[in-house]
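Colleague: Questions regarding the structure given below will be posed in turn.
The values are calculated or read from the model by the stated rules, or taken from the named source; none is laboratory data. The structure presented is a predicted model; accordingly, all values stated were derived computationally and were not measured. FYI the Cβ positions are ideal-geometry reconstructions off the backbone, even for glycines, and counts take in every protein chain you see.
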Amino acid sequence: MIEKTKIELSLLLPSAADTPDACVERLWDLLKGKDGIESIHLVEHTDQGHEEICIHYDPNRLTIREVRDLAERAGAEIDNRFGHVLLNSDTIVESFKAGVKPHAKRHEQDGLIGERTELIFAVICGGLLLSGFLLSFLTINPWVPTGLYLGAYVFGGFYMLRQAIKSVLIGRFEIDFLMLLAAIGAASLGEWAEGALLLFLFSLGHALEHYAMGRAKRAIEALAELAPQTALVRRNSHIEELPVEQLRVTDVVVIKPNERIPADGFVLKGEGSVNQAPITGESVPAEKLAVDDAQQAAANPDRLDAQYRVFAGTINNSGSLEIQVTKLASDSTLARVVQMVREAETQKSPTQRFTDKFERYFVPIVLGSVFVLLFSWTVINEPFSTSFYRAMAVLVAASPCALAISTPSAVLSGVARAARGGVLVKGGAPLENLGRLGSIAFDKTGTLTEGKPRLTDVVCSDGVTEGDLLRVAVAVESLSDHPLAAAVVQGGMERLKSDRVAPAHDVQSITGRGVKATVDGQQVYIGKDSLFAEVGGSPLPDRLRVSVEQMKANGRTTMVVRCGDTYLGVLGLMDTPRTAAKDVVGSLRALGIKRMIMLSGDNQQVANAVGKAVGMDEARGDLMPEDKVKAIKELNSQGGVAMVGDGVNDAPAMANATVGIAMGAAGSDVALETADVALMADDLSHLPFAVGLSRQTSRIIRQNLWISLGMVAFLVPATILGLRLGPAVLLHEGSTLLVVLNALRLLGYQDPSTPR
């Protein structure tokens, strides 16, 4: 079922002149990408003569309040970023006559909407309440304190009434409606002071709650401020300062020491250290060098080593650098991270979906119960006014305010803290799920190992020289993008006495097994020994088979080379485990991860050797990509599993895991898109931080649920038995603030495995 709501366009984009304004299109683009938003269209002519946008949304994924909040935030973000100027011919002529330039003025908020206004209204409400209370002890006209209480109602109930009307118009009775109803009920009994106290405490609690939640949001928004607004660009042999939005791909940007880097790119000139902590969370500055071949680097910037690449928002510590821009400002790693972290607010966790559903059914039950309590005077000997007052107190006690905010506040704080630590978490679901899992599966190459294998063994067939073997192997592998291919090319060229190799043609990858190509008119196959049982031709000679088995036993990855019907020999490669891998595994066990499995396409002996070295519980080798997916599905059925990989070769397995975790996601669009959790640095030691933060988030969510539900369980019987409205409101709002403050503890979370 899809529901819809309408919002005046002028409320979302006050500075936009009309519907063809470019900012309207920007608003469309921002909202269309939100989870739960189905479609958006413009209603140009309404009964009131205003233009409205009609938003169709899924009520099972978003509430009406969340839809309106999303729209208001999107509009405010656009309105703050872009200025507008609207000039007629007379204005332009008069400006030139006066010798001045026309100027645009940014739209300023009028102050009637926002967190500060809500807090001011709450304080005014409290002041009027206190004044009325003090004056009630004096011998003056009783209408004076009553008038002050009425003023308190106006300021304390302003935001509450506005939200209640929106909810009721779409057939929903939410918490604001319940509180307003209770305040009106108190006034009808002549208990103006208690009604004003209710509104004061509720409005003050909401204002403080919004301020506290704003801290988490400001932690997210701070990411967007990391990139500088301008850049020094070298164009036409001279340097000019331009806004970063005007940077083009291939522009050359000059960065002085201690300046922030304005765009993603690679180093053309200079060398030095760059503080990448704002993006990757790395505590040690990364050394950067200039590329050897700028043209080749520009052709494949994503394949450059980390020492050549830089990212927008990072800080050049020392030495002047010149970088070539590879991505527009809007497409930079920083921009994508900020966008995804903002969108994470709308990705609900399992607990949040449960509480939303609970609240949807609970509020009508509360209203029904209160209606029944109104008639308690017919059963017990008490006046109607007493029964009515008790019903209003129960109405306040049973309102699930703390429950509604308990999970979103924790998720928002957790996502913000993760982003500050170089970990991108795409919403509440992966954040909460990762905190509950007991199993993690790892890809081997590039995850548990360095991902930089080296050529260690070259065994030639009888009558074949090492040069002949390596020239063919290098020719073919130089056209492949597999990590092992790069190792063959580098190691082979170091061993060859000449740089000349035969050209290869028609290179084709044989997924999970090897590669084939044509060299000097001969069909060449390079790959696992099992490949040659599939492609036909003469079998692998016994001598080479023995060499293959010996290399495997020593933890080598083997590659057999055959040209035509002639086996040229076997190459052995070794990829060493990451130095941090063993410590990371230990930290994960201390955090409560009980089972860790390595999945590898390499042979079982190599998998066993690496798995044993890093402390895996299980190592599975000889796996094709579809075998990894099958293994992940099996592990998922046993209670869920997280899959850690590079986000490219492991994308299918990660997609089938409960939580997919990509390493080295900075600069990788594929990793950022496919992963649920992205470790921006190519550093396995950030994984315990992500898991620990997720576990702490899950604990805080559980604590908040106990606090919120426990307070309702206490207050409902207490108000039935006679607890007054004032203390009930105080405890009710206190619990709401308590869960928010408890969630904000996540902003200060420290990785327990990191030395203080």
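Colleague: Which one of these does V363 not meet: (1) among the aliphatic types (A, V, I, L, M); (2) surrounded by 24 or more Cβ atoms within 10 Å (Cβ to Cβ); (3) over 19 Å from the mean Cα position of the chain (by Cα); (4) assigned to a helix (DSSP H, G or I)?
Modeller: Here V363 clears every test but (2).
Colleague: Same structure, new question: Out of the residues in region 276-292 that are surrounded by fewer than 24 Cβ atoms within 10 Å (Cβ to Cβ) and either in a strand (DSSP E or B) or on the phi > 0 side of the Ramachandran plot (or both), state the one that is nearest to the chain's Cα centre (by Cα).
Modeller: G281
Colleague: Okay, moving on. Which residues, taken from region 602-618, are small (G, A, S) and surrounded by fewer than 23 Cβ atoms within 10 Å (Cβ to Cβ)? Explain how you work it out, then say what you get.
Modeller: Taking region 602-618 and keeping what is small (G, A, S), we get 607, 609, 611, 613, 615.
If the condition is that a residue be small (G, A, S) and surrounded by fewer than 23 Cβ atoms within 10 Å (Cβ to Cβ), then A609, A613, G615 are the ones that fit.
Colleague: Moving to a separate point now. How many residues, within region 582-606, are touching a helix residue (DSSP H, G or I) at 6+ places or on another chain (Cβ under 9 Å), in a loop (DSSP other than H, G, I, E, B) and not hydrophobic (A, V, I, L, M, F, W, C)?
Modeller: Selection size over region 582-606: 5.
Colleague: Identify the residue in region 112-162 that is part of a helix (DSSP H, G or I) and of a type in the set (S, T, N, Q) and, among all such residues, is nearest to the chain's Cα centre (by Cα).
Modeller: T117
Colleague: Of the residues that sit in region 667-706 and are among the hydrophobic types (A, V, I, L, M, F, W, C) and more than 30 Å from G451 (Cβ to Cβ), which one is surrounded by the most Cβ atoms within 10 Å (Cβ to Cβ)?
Modeller: Taking region 667-706 as the starting set, the residues that turn out to be among the hydrophobic types (A, V, I, L, M, F, W, C) are 670-672, 675, 677-681, 684, 687, 689-691, 693, 700-701, 705-706.
Right, trim to more than 30 Å from G451 (Cβ to Cβ) and you get 700-701, 705-706.
Details: I700: 25, I701: 29, L705: 19, W706: 13.
Per the criteria, the residue is I701.
Colleague: Next question, about the same structure. I'd like to check something: does region 718-727 contain any residue that is free of Cβ contacts under 8 Å to residues at least 12 places away in the same chain, under 30 Å from A196 (Cβ atoms) and out of contact with any helix residue (DSSP H, G or I) (no Cβ under 7 Å at 6 or more places or on another chain)?
Modeller: Kept after step one, since they are free of Cβ contacts under 8 Å to residues at least 12 places away in the same chain, are these residues of region 718-727: 721, 727.
Retained after the next criterion (residues that are under 30 Å from A196 (Cβ atoms)): 721, 727.
Going one step further and asking which of them are out of contact with any helix residue (DSSP H, G or I) (no Cβ under 7 Å at 6 or more places or on another chain), we end up with 721, 727.
Checked against the condition, which is being free of Cβ contacts under 8 Å to residues at least 12 places away in the same chain, under 30 Å from A196 (Cβ atoms) and out of contact with any helix residue (DSSP H, G or I) (no Cβ under 7 Å at 6 or more places or on another chain), region 718-727 yields at least one hit.
Colleague: A further question follows. Given (1) touching a strand residue (DSSP E or B) at 6+ places or on another chain (Cβ under 8 Å); (2) over 16 Å from S478 (Cβ atoms), where does Q550 come up short, assuming only one miss?
Modeller: Result: Q550 fails condition (1) only.
Colleague: Can I ask one more? Does V325 fit the bill of being crowded, with 18+ Cβ neighbours inside 10 Å, touching a residue at least 60 places away in the same chain (Cβ under 8 Å), in the same structural domain as V253 (by TED's automatic domain parsing) and farther than 17 Å from G422 by Cα? Before you say what the answer is, go through the steps one by one.
Modeller: Numbers: crowded, with 18+ Cβ neighbours inside 10 Å: yes; touching a residue at least 60 places away in the same chain (Cβ under 8 Å): yes; in the same structural domain as V253 (by TED's automatic domain parsing): yes; farther than 17 Å from G422 by Cα: yes.
Yes.
Colleague: Does region 265-275 contain at least one residue that is assigned to a loop (DSSP other than H, G, I, E, B), among the hydrophobic types (A, V, I, L, M, F, W, C) and at pLDDT 85 or above? Full working, then the answer.
Modeller: Quick first cut of region 265-275, residues assigned to a loop (DSSP other than H, G, I, E, B) only: 270-271.
Narrowing the set further to residues that are among the hydrophobic types (A, V, I, L, M, F, W, C) leaves none.
No, every residue in region 265-275 fails to be assigned to a loop (DSSP other than H, G, I, E, B), among the hydrophobic types (A, V, I, L, M, F, W, C) and at pLDDT 85 or above.
Colleague: Considering only region 489-527, state which residues are within 45 Å of the chain's Cα centre (by Cα), within 14 Å of Y567 (Cβ to Cβ) and of a type outside the set (S, T, Y).
Modeller: Scanning region 489-527 gives G514, I526, G527.
Colleague: If you don't mind, there's one more thing I want to ask. Here's a check for you: in region 629-666, which residue that is at pLDDT below 90 and β-branched (V, I, T) is surrounded by the most Cβ atoms within 10 Å (Cβ to Cβ)?
Modeller: Here the answer is V629.
Colleague: Just to be sure before I move on: is T378 among the polar types (S, T, N, Q) and outside the structural domain of H210 (by TED's automatic domain parsing) in the structure I sent?
Modeller: Numbers: among the polar types (S, T, N, Q): yes; outside the structural domain of H210 (by TED's automatic domain parsing): no.
So T378 does not fit the description; no.
Colleague: Within region 511-554, count every residue that is of a type in the set (F, W, Y) and part of a helix (DSSP H, G or I). I'd like the intermediate steps shown before the answer.
Modeller: As a first pass, look at region 511-554 and keep what is of a type in the set (F, W, Y): 525, 532.
Remaining after also requiring part of a helix (DSSP H, G or I): 532.
So the count comes out to 1.
Colleague: Does any residue of region 555-570 turn out to be touching a helix residue (DSSP H, G or I) at 6+ places or on another chain (Cβ under 8 Å), charged (D, E, K, R) and assigned to a strand (DSSP E or B)? Talk me through it step by step, then tell me what you get.
Modeller: So the first thing to find is which residues in region 555-570 are touching a helix residue (DSSP H, G or I) at 6+ places or on another chain (Cβ under 8 Å), and the list is 555-563, 567-570.
Applying the additional criterion that residues be charged (D, E, K, R) yields 556, 562.
From the residues that got through so far, the ones that are assigned to a strand (DSSP E or B) too are 562.
Yes, that holds for at least one residue.
Colleague: Can I ask one more? Of the conditions (1) of a type in the set (D, E); (2) in a helix (DSSP H, G or I); (3) more than 28 Å from F200 (Cβ to Cβ), D682 clears all except one; give me its number.
Modeller: Here D682 meets the rest and fails (2).
Colleague: Could you look through region 481-510, keep only residues that are surrounded by 12 or more Cβ atoms within 10 Å (Cβ to Cβ) and part of a loop (DSSP other than H, G, I, E, B), and pick out the one that is modelled with the highest pLDDT?
Modeller: L496
Colleague: Checking I597 against (1) modelled with pLDDT of 95 or more; (2) under 22 Å from M493 (Cα atoms); (3) of a type in the set (A, V, I, L, M): exactly one of these is not met. Which one?
Modeller: (2)
Colleague: Quick one: in region 600-628, which of the residues that are small (G, A, S) and on the phi < 0 side of the Ramachandran plot is modelled with the highest pLDDT?
Modeller: Filtering region 600-628 for residues small (G, A, S) gives 600-601, 607, 609, 611, 613, 615, 619, 621.
Within this subset, residues satisfying the condition of being on the phi < 0 side of the Ramachandran plot are 600-601, 607, 609, 611, 613, 619, 621.
On the way: S600: 89, G601: 84, A607: 89, A609: 87, G611: 91, A613: 89, A619: 94, G621: 90.
Here the residue is A619.
Colleague: From the residues in region 444-479 that are within 24 Å of R578 (Cβ to Cβ) and among the small types (G, A, S), which one is modelled with the lowest pLDDT?
Modeller: G451
Colleague: Looking at P228, P301, which one is within 30 Å of R417 (Cβ to Cβ) and either surrounded by 16 or more Cβ atoms within 10 Å (Cβ to Cβ) or in the same structural domain as L679 (by TED's automatic domain parsing) (or both)?
Modeller: Working: P301 fails: within 30 Å of R417 (Cβ to Cβ).
Matching residue, one of P228, P301: P228.
Colleague: What number goes with the only condition from (1) under 29 Å from the mean Cα position of the chain (by Cα); (2) under 24 Å from V168 (Cα atoms); (3) modelled with pLDDT of 70 or more that S10 does not pass?
Modeller: Among (1) under 29 Å from the mean Cα position of the chain (by Cα); (2) under 24 Å from V168 (Cα atoms); (3) modelled with pLDDT of 70 or more, the lone unmet condition for S10 is (1).
Colleague: Go through the residues of region 83-91 one by one and say whether even a single one is more than 29 Å from the chain's Cα centre (by Cα), modelled with pLDDT under 70 and assigned to a helix (DSSP H, G or I). Before you say what the answer is, go through the steps one by one.
Modeller: Narrowing region 83-91 to residues more than 29 Å from the chain's Cα centre (by Cα): 84-91.
Those left that are additionally modelled with pLDDT under 70: 84-88, 90-91.
Subsequent filtering for residues that are assigned to a helix (DSSP H, G or I) retains 90-91.
Within region 83-91, one or more residues are more than 29 Å from the chain's Cα centre (by Cα), modelled with pLDDT under 70 and assigned to a helix (DSSP H, G or I).
Colleague: Is one or more of the residues making up region 420-431 more than 21 Å from the chain's Cα centre (by Cα) and surrounded by fewer than 24 Cβ atoms within 10 Å (Cβ to Cβ)?
Modeller: Residues of region 420-431 more than 21 Å from the chain's Cα centre (by Cα): none.
Scanning region 420-431 turns up no residue that is more than 21 Å from the chain's Cα centre (by Cα) and surrounded by fewer than 24 Cβ atoms within 10 Å (Cβ to Cβ).
Colleague: Inspect region 236-247 for any residue being surrounded by 21 or more Cβ atoms within 10 Å (Cβ to Cβ), not assigned by TED's automatic domain parsing to the domain that holds S685 and not in a helix (DSSP H, G or I) and give the result as yes or no.
Modeller: Yes; the residues of region 236-247 include at least one that is surrounded by 21 or more Cβ atoms within 10 Å (Cβ to Cβ), not assigned by TED's automatic domain parsing to the domain that holds S685 and not in a helix (DSSP H, G or I).
Colleague: Provide a single number: the residues in region 707-751 that are in a helix (DSSP H, G or I), in contact with an Asp or Glu (Cβ under 9 Å, 6 or more places away or on another chain) and either surrounded by fewer than 20 Cβ atoms within 10 Å (Cβ to Cβ) or on the phi > 0 side of the Ramachandran plot (or both).
Modeller: 2
Colleague: Mind checking which residues of region 511-528 are at pLDDT 85 or above and exposed (fewer than 15 other Cβ atoms within 10 Å of the Cβ)?
Modeller: Quick first cut of region 511-528, residues at pLDDT 85 or above only: 514-528.
Across region 511-528, the qualifying residues are D520, G521, Q522.
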